[in-house]
Amino acid sequence: MASSVPAVTILDVARVAGVSRQTVTRALNGLPDISAATRERVVHVARQLNYRPNRAAQGLVRGRDVTIGLVMEDLRNPYYPELASALSRIAAEQGWSVILCDIGEDANKARARLASMVQRVDALVLTGCRTDTVGLLPRSAHRDSALGIPIVILDGSPDDQVDAVVEIDYQSGVRTALDHVTAGGRRRIAMIDSSHIASSRRQSYREYLHEHRLPWTSRSEFRADETHEGGVLASRELLDRYPDADAVLVYNDVMAIGALKGFARAGVGVPDDIAVVGTDGLDIGTLVTPELTSLAIDKTALAQLAIELVDNVLSGRSPAGSRERRQLGLSLVVRESA
């Protein structure tokens, strides 16, 4: 049986021509911002190596379809379906397709799902995934990603294999939320954070309390699973350890809704006894009583940034050698809970 010869890739062309991957994309697609000499050298090398251009990059230039893999941690959290819906609509406006992948908590299954997806898509968008998610990709997938499958992270930390990242400005958001509750006379503010990560929300919360000389002790902070039940359990712990708290900032809306249930079961009034602020701005926040005040992430704006960044990388519009960063702010949606 004859052995297969690995296909020549854009990275091979870039290495031999002595330029970046983005420069090769620009040269082969006739895009501006490179010299005629560089363009000629790249084209010559591509011909010598018998390079066949990436289907996705060709699709952007010639109007052909592009498929994006949207990788999420847990579709049971309503945040992810809301974002998936927004991204699918925006992608469809460009004639692109979206495939969803819920990686779950099993690392082996996640690795298999990601490996399968890489073979079927032209770009990956990772959202809500742990910082080591990219590390779950097999080495061959890393290589393919560096060659023509962009990886864009939403609300996460950039990695060497990532082409672009959208960062959420939690610092300003947390300040807005805490300004709101302190304006209402709240002074003993607790926080329910994720038990999985040391979130930037918690750091911003601590900084705010310190700057405004508000009380903080280890009793002020609680960590829980990012689930409804996690919020219920954390609210009980809060009432035991910090019974005089008069406000609480919660890592996400699902946990915050759990906290509302926990307080209600304990006979603690919201917002009379304690104000509750979630994070995400989910529609389900209007389906509970009291309706949830939340720091809202504009899922449509987040999806638009993701599509724009994928488009930039595939088309070669991203600055050569750069890892593009964009930032998205949050807005406080004031309802009944705070």
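Values quoted throughout were computed directly from the atomic coordinates according to the rules given, and no laboratory measurement underlies them. Model, not experiment: these values are computed from the prediction. A quick note on method: Cβ atoms are made from the backbone with ideal geometry, for glycine too, and the neighbour counts reach across all protein chains shown.
Give me the Å³ per residue figure for the convex hull around the C-alpha atoms of region 211-302.
110
Spin-label model, residue 119/residue 93: points 7 Å from Cα along the beta carbon direction are separated by 3.4 nm.
Quick one: 216, 96, fewest Cβ neighbours within 10 Å first, how do they rank? It would help to have the intermediate numbers written out before the result.
Numbers: 216 17, 96 22.
Fewest to most other Cβ atoms nearby, the residues stand as 216, 96.
Starting from the Cα-Cα distance between residue 273 and residue 49, subtract it from 0.36 nm times their residue separation and give me the gain in nm to one decimal. It would help to have the intermediate numbers written out before the result.
Details: separation 224, 0.36 × 224 = 80.64 nm, distance 7.13 nm.
Taking 0.36 nm per residue and subtracting the Cα distance, the gain is 73.5 nm.
Starting with the highest mean, order 37-43, 298-304 by the number of other Cβ atoms within 10 Å, averaged over the residues of each peptide.
Values: 37-43: 15.7, 298-304: 18.3.
So the order, starting with the most tightly packed, is 298-304, 37-43.
So if R0 is 22 Å, what FRET efficiency would residue 287 and residue 85 give, r being the distance between their Cβ atoms, rounded to the nearest 0.05?
Values: r = 17 Å, r/R0 = 0.78.
Taking R0 as 22 Å, the efficiency between residue 287 and residue 85 is 0.80.
Among 255, 72, which comes first, then next, by fewest other beta-carbon atoms within 10 Å?
Working: 255 29, 72 22.
Starting with the residue having the fewest Cβ neighbours, the order is 72, 255.
For residue 156, the residues 5 or more places off, or on other chains, whose built amide H falls under 5 Å of its own are 166, 168. Among 297, 168, a tally of other beta-carbon atoms within 10 Å of each Cβ gives an order, fewest to most, of 168, 297.
Distance between the pseudo-spin-label points of residue 102 and residue 15 (7 Å out from Cα toward the beta carbon): 4.0 nm. Couplings 3J(HN,Hα) of region 203-216, computed from phi: 4, 5, 4, 4, 4, 5, 4, 5, 5, 9, 6, 9, x, 9 Hz, in residue order, whole Hz [Karplus 6.51 cos²θ - 1.76 cosθ + 1.60, θ = phi - 60°; x for Gly and Pro]. For residue 97, the residues whose modelled amide H falls within less than 5 Å of its own, excluding neighbours fewer than 5 places apart on the same chain, are 66, 67, 68.
Would you mind counting up the charge near residue 215? Only other residues with Cβ under 14 Å from its Cβ, with Lys and Arg at +1 and Asp and Glu at -1. If you can, show how the numbers build up before the last one.
Values: positive: 186, 187, 188, 206, 213, 219, 241; negative: 211, 221, 244, 246.
Net of charged neighbours comes to +3.
Under the criterion of Cα pairs below 8 Å and six or more residues apart, the relative contact order for region 170-297 equals 24 percent.
Taken as Cα centroids, region 264-338 and region 187-233 sit 17 Å apart, rounded to the nearest whole angstrom.
A cut-off of 5 Å between modelled amide H atoms, ignoring neighbours fewer than 5 places along the same chain, links residue 276 with 248, 338.
Between residue 109 and residue 196, the modelled labels are 1.4 nm apart [label points 7 Å from Cα along Cα→Cβ]. Take the Cα of residue 264, go 7 Å toward its beta carbon, and the backbone nitrogen atoms of region 218-250 under 14 Å from that spot belong to 229, 232.
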